[in-house]
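S.K.: This structure is in structure tokens; I'll ask about it shortly.
The values are calculated or read from the model by the stated rules, or taken from the named source; none is laboratory data. Values in this document were obtained by computation on a predicted structure and should not be read as measured data. Heads up, the Cβs are rebuilt from the backbone with ideal geometry, glycines too, and the neighbour counts pull from every protein chain shown. Please note that ligands, DNA and RNA were not included when accessible areas were found on the heavy atoms of the full protein model with its side chains. Shrake-Rupley method; radii C 1.70, N 1.55, O 1.52, S 1.80 Å.
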Number of protein chains: 2
Amino acid sequence: MGYKVPVGLCNKHLHLCQADQDILFGKDYQMTPMKPLSQPGQFAAEEKVELVGPKGSLKGIRVLGPCRPETQVELAMTDARALGIQAPIRESGSLEGTPGLKIIGPKGEVEIDHGVIIAWRHVHLTDEQAKEAGVVDRQIVSLKFEGFRGGTLDNVLVRAGVKNYLDIHIDTDEGNALGLSNSDFGEIIIHEEDK
Amino acid sequence: MGYKVPVGLCNKHLHLCQADQDILFGKDYQMTPMKPLSQPGQFAAEEKVELVGPKGSLKGIRVLGPCRPETQVELAMTDARALGIQAPIRESGSLEGTPGLKIIGPKGEVEIDHGVIIAWRHVHLTDEQAKEAGVVDRQIVSLKFEGFRGGTLDNVLVRAGVKNYLDIHIDTDEGNALGLSNSDFGEIIIHEEDK
């Protein structure tokens, strides 16, 4: 039996840099935390924006805080297609050469020229949990899920570190394809050849 | 190596019964086939409708022809959630106890009281291909997919029959979760215990 990790479904969302937040919400605006996220210090804000691509727009997209060095929009592939954007699958923060889009906030608009990604599915563990699970930071594993729509997702990135919280981060396409909710668990499958 | 089958991605769509087509498009209306589908005799029509659920609506949803005994709406789970409908995962035609919704056509509206499903993923083969693949009609298999978002979908229904055309039918959530397009292939994985 592989190590079990709870599912954390990620709906489409964005992180803002301070400069973009200033334009979208006004200078010195303070975001209102709605709920803390599983990874320590991060929160989902009450605030939402509209995303506009060449083919369509998506309203009510939640901002996550606190601000980051660069604005980053994380979409499921279904969302990216609806906007008409060919977003690559990337690790968070790896934004070079990614497409942009227009963001509309209550106080202004920003046209980002890069920053739109589909998040590379990953599993967060503390260093101690990683040891228990027999994996190391940045190892590639698979995750097996039970249920009527069960299956196995390959090429899942391990992110182990002291500040991490045990969590599988998959997007709504992945969650829906496998019929998963946040009360489900995935099992880490280690491929000997990837160790 | 398992038997290879080409991917056929199914976008959200609906099949109409004659009575509902009469209301939505007018009596004796003839659908305009846009392109034939992989399964013989079926076609995607030029005609589209709007679907309305308690939480939202989806415009431009394509009608598939010819008419069927019962109206059936096939959504990905992402679509069902957008409409605010809890649609079950069902085999085509198995509509008892499924939810309904409102359909708006150019000539009228229909409120169906059942018929909305998320299609149970399945693989079509001719009897001969099934024999070659070592599977039988209604067997449960898994499908393995390669690529950056590769993985394995379990609980896939085999539909073998003389009139079938070799094709994997998965919805847009499943296709996007695994990064698949219609030019990709899946490999049938047979579980000995399910034979």
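S.K.: Select from region B:98-116 the residues that are more than 18 Å from B:Ile23 (Cα to Cα) and not in a strand (DSSP E or B) and write down the one among them that is most open to solvent (accessible area, probe 1.4 Å).
M.R.: B:Pro99
S.K.: Go over the candidates A:Val73, A:Val52 one by one and state the one that is hydrophobic (A, V, I, L, M, F, W, C), touching a helix residue (DSSP H, G or I) at 6+ places or on another chain (Cβ under 8 Å) and not assigned by TED's automatic domain parsing to the domain that holds A:Asp173.
M.R.: Numbers: A:Val73 fails: touching a helix residue (DSSP H, G or I) at 6+ places or on another chain (Cβ under 8 Å).
The match here is A:Val52.
S.K.: Oh, and also: Within region B:179-191, identify whether any single residue is within 14 Å of chain A (Cβ to nearest Cβ), of a type in the set (Gly, Ala, Ser) and closer than 22 Å to B:Val63 by Cα, and answer yes or no.
M.R.: Checked region B:179-191: at least one residue is within 14 Å of chain A (Cβ to nearest Cβ), of a type in the set (Gly, Ala, Ser) and closer than 22 Å to B:Val63 by Cα.
S.K.: Being farther than 30 Å from B:Asp28 by Cα and not in a loop (DSSP other than H, G, I, E, B): is that true of B:Gln129 here?
M.R.: So B:Gln129 fits the description; yes.
S.K.: Are there strands (runs of 3 or more DSSP E) fully within region A:134-195 with at least 1 residues that are open to solvent by 40 Å² or more (accessible area, probe 1.4 Å)? List them.
M.R.: A:140-145, A:151-160, A:185-189
S.K.: Being in a loop (DSSP other than H, G, I, E, B), among the β-branched types (Val, Ile, Thr) and away from every other protein chain (no Cβ under 14 Å) is the filter here; which residues of region B:52-97 pass it?
M.R.: B:Thr71
Residue by residue, here is whether (1) in the same structural domain as A:Lys163 (by TED's automatic domain parsing); (2) touching a Leu at 6+ places or on another chain (Cβ under 9 Å); (3) modelled with pLDDT of 95 or more; (4) over 27 Å from B:Asn176 (Cα atoms) holds:
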site	(1), (2), (3), (4)
A:Ile89	no, no, yes, no
A:Gly100	no, no, yes, no
A:Glu109	no, yes, yes, yes
A:Gly115	no, yes, yes, no
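S.K.: Of the conditions (1) farther than 24 Å from A:Ser181 by Cα; (2) within 14 Å of chain A (Cβ to nearest Cβ); (3) surrounded by fewer than 18 Cβ atoms within 10 Å (Cβ to Cβ), B:Met34 fails just one. Which one is it?
M.R.: Against the list (1) farther than 24 Å from A:Ser181 by Cα; (2) within 14 Å of chain A (Cβ to nearest Cβ); (3) surrounded by fewer than 18 Cβ atoms within 10 Å (Cβ to Cβ), B:Met34 comes up short only on (2).
S.K.: Restricting to region A:138-165, what's the tally of residues that are over 18 Å from B:Met77 (Cβ atoms), more than 8 Å from chain B (Cβ to nearest Cβ) and modelled with pLDDT of 95 or more?
M.R.: 11
S.K.: While we're on this one: Could you tell me whether region A:31-52 includes any residue that is at pLDDT 95 or above, farther than 16 Å from A:Val110 by Cα and hydroxyl-bearing (Ser, Thr, Tyr)?
M.R.: yes
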